[in-house]
Amino acid sequence: MVEGKANVQLGKDPAGVAKTTASQSIAGRTGRNSIYAGAEHCTRARELALLGYVDAEIAGGMGISVSTLYNWKRKFPEFAAAIASGGTKTNARVVQALLARALGGTVVETKEVTLRNSDGSERIEILKLERYIPPDTRAIIFWLTNREPQHWKFYKPVDHPSSPTPALHSPPTSAEVIEAMHRIVQELK
């Protein structure tokens, strides 16, 4: 800690990130301690990025201002890389979850069941159930409109030069969406 400064944490969220931090110097000036601590700050920033935090939340969680965070990202490439790697891994997990939701499939669930024996005593057994989850049309549409916008956006620009807004088209039918998803799945194989 910088000499002459006292850090005060006013509360933490469930992830242990300070909601509000303030530093006040003995001379009465306010401000945050913005001395870069290398690997320590890289590790903390990456952890926050893995939790899905955006820059302003990362700055708050580290007890620095957003402008300091941006300065550190410019001055220290390893710091910027730490945040980017955390965000990239989180985004990849979200993409996998969205794709799984769009494609559907089977999942194995476990369930505890209490059974009664012939002598009246009870026993607990764990059942494994396989459940089919159908493809989610909204997830499919979201995926396609963002991955193949030239084919799947709900609007296309009007060719008429005097029109200030694009013409709206109806969304694709469920059959069109499912056919497109099958095509994409075949391309992935």
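Values as computed for the structure displayed
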read-out: Qualifying positions in the stretch 105-138 - farther than 29 Å from Trp152 by Cβ, in a strand (DSSP E or B) and among the hydroxyl-bearing types (Ser, Thr, Tyr); value: Thr110, Thr114
read-out: Single residue of Ala100, Ala82 found to be closer than 30 Å to Ile141 by Cα and assigned to a helix (DSSP H, G or I); value: Ala100
read-out: Sole exception among (1) surrounded by fewer than 13 Cβ atoms within 10 Å (Cβ to Cβ); (2) at pLDDT 90 or above; (3) out of contact with any strand residue (DSSP E or B) (no Cβ under 9 Å at 6 or more places or on another chain); (4) of a type outside the set (Ser, Thr, Tyr) for Ile58, by number; value: (1)
read-out: Residue within the stretch 89-104 that is at pLDDT 80 or above and in contact with a strand residue (DSSP E or B) (Cβ under 6 Å, 6 or more places away or on another chain) present; value: yes
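The values are calculated or read from the model by the stated rules, or taken from the named source; none is laboratory data. If you're wondering where the values come from, they're calculated on a predicted model, not measured in any experiment. Reconstructed Cβ throughout: ideal geometry from the backbone, glycine too, with neighbour counts over all protein chains shown.
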